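The values are calculated or read from the model by the stated rules, or taken from the named source; none is laboratory data. Model, not experiment: these values are computed from the prediction. Counting neighbours? That spans all protein chains shown, and the Cβs are built from the backbone with ideal geometry, glycine included.
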Amino acid sequence: MVTAAVIGGGASGAITVDTLRKQGIETTVFERRDILGGVWVYDSDPGPLTVVPGRTGEQSDLVSNTPDFEGIEPGESINTSPGEYNRQTFENPHRYEPTPTFESLSTNVPERVMTYSDKPKWDWKENGVYTYPLQTRFVHHSTIQRYIEQYFQPNIDVVKFSTTVEKASKTKDGKWTLTTRTRSATEDVWAQTKYDHLVVATGHYHVPFIPDVPGIQLAYRLYPNRIVHSKHFRESNLDLFKDKTVVIVGSRASGADLVSLLAPIAHQTIQSVRATKGPIFKKSFVNQDKVVRAGEVVSYVCKDGGFNVETADGQSFSPDVVIYCTGYQYSYPFLRDQVPDLTDGVFLPDVYLHTFYTPDPSLAFVGVPVDAVSFRAFEYQAVWVARYISGQIELPSVDEQQLWNKRRFEERGSTRSYHSLSSLEAVQDFFDALTELGGGVKAQKKGGRDFPVFGRQDIDELKAAAPARWVEEPNKEAAEEESETSELDTGDSEGHTDDTSVDGDEK
């Protein structure tokens, strides 16, 4: 029987394992935590977070040391004391495990397109009663975590919890050998297992990024606790910002959320926005009389007791803290030895249609696209991957795949937009392409999953939800243009909405 390993127990992992098993593929899921839900898991106390400005994912998210398995029989494990083979840094030893989910975080995509096609409701009835209001368009993060967890239940027997894939490499027999570490309070248990295929469903909201600008390195060295990333923001710590001057960098969802939460309590809230056109998240205009809007942060100037932040529109501020809502980087340290040039943190240049690694399609990714109607995109990718792994379909030639990769790079370059499907037309084209390459909507194998159908009702739902998230003023013309082109901001691989790109550009 064909075997596959899936890395990740979040939204993309849930649909992937279910689809693979329905296709008759023997599948194992590796989830590094003891709970399912991926980025929708809430960590009340995420602990400290080190984000050095300008540092890439490769510099931040290092490859782990691993024990020597030479002479160890297949199936045997190695037990070590906790942390004996730690990652090569103590800054973030467990691959940025805590999530960016904070207490009041809610969805910003409607239920119809943020569920899987065979379970189109966020919650099932409990004792005959739905556990959330049926007419609610957006829901609390706990509802999504519970939905993912419930969806996993038929496949819970193949999930290995608290298990991190520390290294994935190809052996001479053409199989993937995964070196895994299962953590407990008393020991780490290391093992090696082989699979025919590897599907990475880890999302990309783990390794945060702060852009490098003149003066920020010195300011960070002198005042590291005053230049932070939004990932570990929690409302339980709001008192830290009371009566402070706060600069929030970013105009997307995270920036808007923080503006709405901090403006009522801070002495002054400054929102630094790089883009001068485009619709603005409605939350950015809550308490707008208390918010100063400024241009892109272009430099830091250190002074006694602190620093000034200079912006592109000529303003200067002396903040108590700067919070960067500037997005995340793609990072796969477990693949770095096998595929050293897989990603620069911004994009994956050799991944065909955001899914298959062109040089070796036994490696696939589910959940790479952003702004892609996330849950529905995961399902399309999972069906395509499952049909290929089962031998039901073949992929286009390497030359054809490389041509797509080349054209995509020429259009988008090494920017976050490379993997962005930021319009309804782009989303529809992506779904149609995967359906055609996957052999059509209907499954050929009995029990296999059909491709979902993305149609008029889905589009109408997305358009109807837009006014709840955007405001037209003060960018009325840009907002109208946005509406005409039906551009989306529909979430990353786990359903959160992305912030700015890795290089600091607003998408």
Note on the stretch 186-215: residues farther than 30 Å from residue 382 by Cβ and touching a Ser or Thr at 6+ places or on another chain (Cβ under 8 Å) are 187, 188, 210, 211, 213, 214, 215
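Residues checked against (1) more than 20 Å from residue 407 (Cβ to Cβ); (2) in the same structural domain as residue 178 (by TED's automatic domain parsing):
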{"position": "290", "(1), (2)": "yes, no"}
{"position": "293", "(1), (2)": "yes, no"}
{"position": "306", "(1), (2)": "yes, no"}
{"position": "348", "(1), (2)": "no, yes"}
{"position": "394", "(1), (2)": "yes, yes"}
From the options 360, 399, residue that is assigned to a helix (DSSP H, G or I) and at pLDDT 95 or above: 399
In contact with a helix residue (DSSP H, G or I) (Cβ under 6 Å, 6 or more places away or on another chain), buried (at least 20 other Cβ atoms within 10 Å of the Cβ) and either modelled with pLDDT under 95 or not in a helix (DSSP H, G or I) (or both): does that describe residue 368? yes
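Can you name every one of the strands (runs of 3 or more DSSP E) wholly within the stretch 267-307 that holds 1 or more residues which are of a type in the set (A, V, I, L, M) and at pLDDT 95 or above?
Hits in the stretch 267-307: 268-272, 297-303.
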Residue 362: in contact with an Asp or Glu (Cβ under 9 Å, 6 or more places away or on another chain) and crowded, with 23+ Cβ neighbours inside 10 Å, yes or no? no
Among (1) part of a loop (DSSP other than H, G, I, E, B); (2) surrounded by fewer than 21 Cβ atoms within 10 Å (Cβ to Cβ), there is one condition residue 101 misses while meeting the rest; what is its number? (2)
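Can you tell me how many residues within the stretch 226-248 are part of a loop (DSSP other than H, G, I, E, B), surrounded by fewer than 19 Cβ atoms within 10 Å (Cβ to Cβ) and under 24 Å from the mean Cα position of the chain (by Cα)?
So in the stretch 226-248, the residues part of a loop (DSSP other than H, G, I, E, B) come out as 233-234, 242-244.
From what is left, the residues that are surrounded by fewer than 19 Cβ atoms within 10 Å (Cβ to Cβ) are 234, 242-244.
Still in the running and under 24 Å from the mean Cα position of the chain (by Cα): 234.
Within the stretch 226-248, residues that are part of a loop (DSSP other than H, G, I, E, B), surrounded by fewer than 19 Cβ atoms within 10 Å (Cβ to Cβ) and under 24 Å from the mean Cα position of the chain (by Cα) number 1.
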Any hit, the stretch 45-58, residues being outside any loop (DSSP other than H, G, I, E, B) and over 19 Å from the mean Cα position of the chain (by Cα): no
Regarding the stretch 155-169, can at least one residue be identified that is more than 24 Å from residue 327 (Cα to Cα), at pLDDT 90 or above and assigned to a loop (DSSP other than H, G, I, E, B)? yes
Pick from the stretch 390-424 the residues that are touching a helix residue (DSSP H, G or I) at 6+ places or on another chain (Cβ under 7 Å) and surrounded by 20 or more Cβ atoms within 10 Å (Cβ to Cβ): which of them is nearest to residue 330 (Cα to Cα)? 418
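Among the listed residues 440, 448, which satisfies the condition of being touching a Phe, Trp or Tyr at 6+ places or on another chain (Cβ under 8 Å), modelled with pLDDT of 50 or more and not in a helix (DSSP H, G or I)? Can you show your working first?
Numbers: 448 fails: touching a Phe, Trp or Tyr at 6+ places or on another chain (Cβ under 8 Å).
So the residue among 440, 448 that is touching a Phe, Trp or Tyr at 6+ places or on another chain (Cβ under 8 Å), modelled with pLDDT of 50 or more and not in a helix (DSSP H, G or I) is 440.
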